[in-house]
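Shown below is the structure under consideration.
The values are calculated or read from the model by the stated rules, or taken from the named source; none is laboratory data. All of these numbers come straight from a predicted model, not from anything done at the bench. Backbone-built Cβ (ideal geometry, glycine too); neighbour counts: all protein chains shown. Heavy atoms of the whole protein, side chains included, go into the accessibility calculation; ligands, DNA and RNA do not. Shrake-Rupley method; radii C 1.70, N 1.55, O 1.52, S 1.80 Å.
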Amino acid sequence: MTPTATPVHPPVLPNQEELIRRLLSDTPLLKDTPDHLLQVVNVLESYGLVLDAYSKNLVDQGEQQMLNPFPVFRFFHEGFSLKRFWTHLMGDRINFEYAEYCQKAMFWHGTGGLDAYLDTPEFAEACQRIIKCKSARDPLLALNNRLYPDFAPEAIRSLTTIYCLGLFWRVMSDIFVDLARRYAIKEVTCVNDVVHHIRDGLVAAAGSPIEYKVSIGGEEIWVLPPEAGLTFLVDVAVPYVEAVFFRGMPFLGTVSYNAQARQISPDISDFKYGALYADPIPSMGAGIPPSLCMQDMYRHLPEELSLWYDDNGRGQTDVHVQICVSFQKSMFCVTNAAIAGTMPHPLDSDDPEQQAANRAYAKAWSGRLMGCQRVALL
């Protein structure tokens, strides 16, 4: 008698009501399993170490590269040497290009309080002061500014975003590295502990001021003054989640930029190319910016996670893809924490109006999560 094959049913993905339930009941979006805990904590530890380098470089760029027309040494914030230059050319280095990709996503999508301030007369005035000071020492800039008066202000806007992203990643690096420390001493024992740790870190830093000033020719000029009232969570962290986790940018070579093909929406608010939507495509492919980030994390991969990859998937053969999958799972935890940290009211509130406000907030977020890679949550 021929044995009957047992049919394999596709996994049942969480629907919107289930996502709302998880958000309102303090249940993590990511399924709470030992394997998920191991992957998320370890991949965030490696990411935290990478973000430490990203943060230092972006902050240094903000401080040293203002209106530099040829910032060819911007990645050498630790100092230039022939040895470092050679290892840079050979690719034996942190890939800061990925950090710039994330900055471009934030700059392009332009959401939140930071972007709103960049459109104010106060910021425009600061730009003109900077341009005037730099032009006195740079005739090329003076000529360029007369011919193209919008060029220099746009460059200052971009560098301001670079600096703010560096400040954001400074906080996130510390949160992720401390998460690994708490995991090692058994203070973090489940996925919900991970979400709570990140949430508490975001909330603790929520009101931290985002300020930025530059020194040009001995004169200090505020780009983002204290009076702007910009803060970490709502003005930088949430816009980052919006731009990088949800919207992103289409990768060259994966979709057609031909307008007739209509593979890319003309409305960038409809973009769904962020980390939570992405297919775990074979990392290290040409033109795929996250490949650079996966390589950076691979260089700092904790032994526990490396050994886990040996026994799962195809071992080290597809380790970059496996890192990408683990990283996507971890980003759901970060998104989960950001939603929890910005919930309008406490989840245990008995007030019907507050409960309704929380549900509306959770419903709005869950609607966006429905288009994400929900299979990553299983």
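Residues in the stretch 230-248: is at least one in a strand (DSSP E or B) and either of a type outside the set (Phe, Trp, Tyr) or closer than 28 Å to PHE176 by Cβ (or both)?
yes
Same structure, new question: Go through the residues of the stretch 168-188 one by one and say whether even a single one is in contact with a Phe, Trp or Tyr (Cβ under 6 Å, 6 or more places away or on another chain) and either among the charged types (D, E, K, R) or modelled with pLDDT under 95 (or both).
Within the stretch 168-188, none of the residues are in contact with a Phe, Trp or Tyr (Cβ under 6 Å, 6 or more places away or on another chain) and either among the charged types (D, E, K, R) or modelled with pLDDT under 95 (or both).
Going by the conditions given, is PRO153 without any contact (Cβ under 8 Å) to a residue 60 or more places away in the chain, in a helix (DSSP H, G or I) and more than 18 Å from PHE232 (Cα to Cα)?
yes
Also: Which members of the stretch 11-47 meet the condition of being of a type in the set (Ser, Thr, Tyr) and in a helix (DSSP H, G or I)?
Once the filter is applied, which keeps residues that are of a type in the set (Ser, Thr, Tyr) and in a helix (DSSP H, G or I), the stretch 11-47 yields SER46, TYR47.
Is one or more of the residues making up the stretch 272-295 under 19 Å from the mean Cα position of the chain (by Cα), exposed (fewer than 12 other Cβ atoms within 10 Å of the Cβ) and among the hydroxyl-bearing types (Ser, Thr, Tyr)?
no
Sort out for me the helices (runs of 4 or more DSSP H) sitting completely within the stretch 48-146 that have 3 or more residues that are in contact with a strand residue (DSSP E or B) (Cβ under 6 Å, 6 or more places away or on another chain), touching a residue at least 24 places away in the same chain (Cβ under 8 Å) and not aromatic (Phe, Trp, Tyr).
So the answer is 121-135.
Residues checked against (1) open to solvent by less than 60 Å² (accessible area, probe 1.4 Å); (2) among the hydrophobic types (A, V, I, L, M, F, W, C); (3) outside any helix (DSSP H, G or I); (4) farther than 25 Å from VAL41 by Cβ:
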position	(1), (2), (3), (4)
GLN316	no, no, no, no
VAL319	yes, yes, no, no
GLN322	yes, no, no, no
VAL325	yes, yes, no, no
MET331	yes, yes, no, no
ASP348	no, no, yes, yes
ARG359	no, no, no, yes
LYS363	no, no, no, yes
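Can you report the number of residues in the stretch 206-238 which are closer than 24 Å to PHE327 by Cα and open to solvent by less than 10 Å² (accessible area, probe 1.4 Å)?
Within the stretch 206-238, residues that are closer than 24 Å to PHE327 by Cα and open to solvent by less than 10 Å² (accessible area, probe 1.4 Å) number 3.
Shifting gears a bit: Within the stretch 114-131, can one find any residue that is open to solvent by less than 100 Å² (accessible area, probe 1.4 Å) and on the phi > 0 side of the Ramachandran plot?
Looking through the stretch 114-131, none of the residues is open to solvent by less than 100 Å² (accessible area, probe 1.4 Å) and on the phi > 0 side of the Ramachandran plot.
Here is a further query. Taking only pairs six or more apart or across chains, which ones have beta-carbon atoms under 6 Å, a first residue in the stretch 178-201 that is more than 24 Å from MET343 (Cα to Cα), and a second residue that is open to solvent by 30 Å² or more (accessible area, probe 1.4 Å) and modelled with pLDDT of 95 or more?
Hits for this filter: ALA180/GLU45.
Here's a check for you: in the stretch 247-262, which residue that is within 23 Å of the chain's Cα centre (by Cα) and surrounded by fewer than 21 Cβ atoms within 10 Å (Cβ to Cβ) is modelled with the highest pLDDT?
MET249
A follow-up question, please. Could you pull out the residue among SER291, SER265 that is closer than 20 Å to ARG368 by Cα, modelled with pLDDT under 90 and out of contact with any strand residue (DSSP E or B) (no Cβ under 6 Å at 6 or more places or on another chain)?
Exactly one of SER291, SER265 is closer than 20 Å to ARG368 by Cα, modelled with pLDDT under 90 and out of contact with any strand residue (DSSP E or B) (no Cβ under 6 Å at 6 or more places or on another chain), namely SER265.
Further question on the same structure: Determine, yes or no, whether TYR298 is free of Cβ contacts under 8 Å to residues at least 24 places away in the same chain and either within 24 Å of the chain's Cα centre (by Cα) or open to solvent by less than 20 Å² (accessible area, probe 1.4 Å) (or both).
No: the conditions fail for TYR298.
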